[in-house]
Structures are given as structure tokens and as C-alpha cells.
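The values are calculated or read from the model by the stated rules, or taken from the named source; none is laboratory data. A quick note: this is a predicted structure, and the numbers were derived from the prediction, not measured. We place every Cβ from the backbone using ideal geometry, glycine too, and count neighbours over all the protein chains shown. Remember, those area values only see protein heavy atoms, side chains included, never the ligands or the DNA or RNA. Shrake-Rupley method; radii C 1.70, N 1.55, O 1.52, S 1.80 Å.
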Amino acid sequence: MASTVTKEISYEELKAILGKSQNLLLVDVRTKEEVDKGCIPGSIHIPVDTVEAAFAKEPDEFKAAYGVTKPALDAPELVFHCQMGRRGGVATSKAHELGYVNARNYTGGYKEWSEKEGK
């Protein structure tokens, strides 16, 4: 039996990682229109319907497209988020299928983040 990995991350956990980690890759999978209204600092934008193609790119293509280094398959801090959790979950599942074993979904999404951050 395959061990089940926790695929979710809370606001508190994300806030802690954002504060101390250089390795976090936070991926915003919302639409461009949503991102233009506000985003979590440090996130990169990869719309949910392009996540699979994005993470299948060669490392140099990924960096050229998104301006950041493509994470290793065992990257410990790969987090996806959307507005309220559903699309982030879809993106996290796609990442798992591609072999990103530690990918997690910030289930509160930008909605919770902006409420807690008072934005």
C-alpha cells in the first residue's frame, strides 16, 4: 500500500514557510484577472489548465517561462493555491501524477489569505 502524503497546507504553515524558506515555490493557479486583483507575495502565476504542461517542461524552458528554477521532483516546499481551494487541489493532483511527491494545496486560497492579511 502506498503511504498517503498530506497534500494540504494551512495558512499558519504557509505563513511560517514564507517567513523562513528560500526554497518555497508558491504557485498561483487562478486566472490572470484574479491575480491582477491581488496575490500572495512571492507567488508565481501558472493557470490551472497549464500546470501539467508547465511542470513537464525542461528546466531551462521552465525558467525562461516563469523566471524561477523548476523544482526537483522531491522538492519539499511546492505549494499550489487558487481562490478557495478547488483548483489548487486539481493542480496539486496533477503535480503528484507528474512525480512531485511533496506538492501541497493551500486550501484556504487567496480568499483566506487576503482576509487574514487584511488586504
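The calculated 222 nm mean residue ellipticity attributable to helices in the chain amounts to -11500 deg cm²/dmol, summing -39500 (n - 2.57) over DSSP H runs of n ≥ 4 and dividing by all residues. Rolling a 1.4 Å probe over the heavy atoms of the protein chains gives the stretch 1-108 an accessible area of 56 Å² per residue.
Counting only protein heavy atoms and a probe of 1.4 Å, the accessible surface of the chain is 52% carbon and sulfur. Over the Cα atoms of the chain, what is the Rg over Rh ratio if Rh follows Kirkwood? Here the Rg-to-Rh quotient is 0.94.
Take the Cα of Glu12, go 7 Å toward its beta carbon, and none of the backbone nitrogen atoms of the stretch 83-100 fall under 14 Å from that spot. Under the criterion of Cα pairs below 8 Å and six or more residues apart, the relative contact order for the chain equals 31 percent. Counting every pair of alpha carbons in the stretch 62-102, the share spaced more than 17 Å apart comes to 38 percent.
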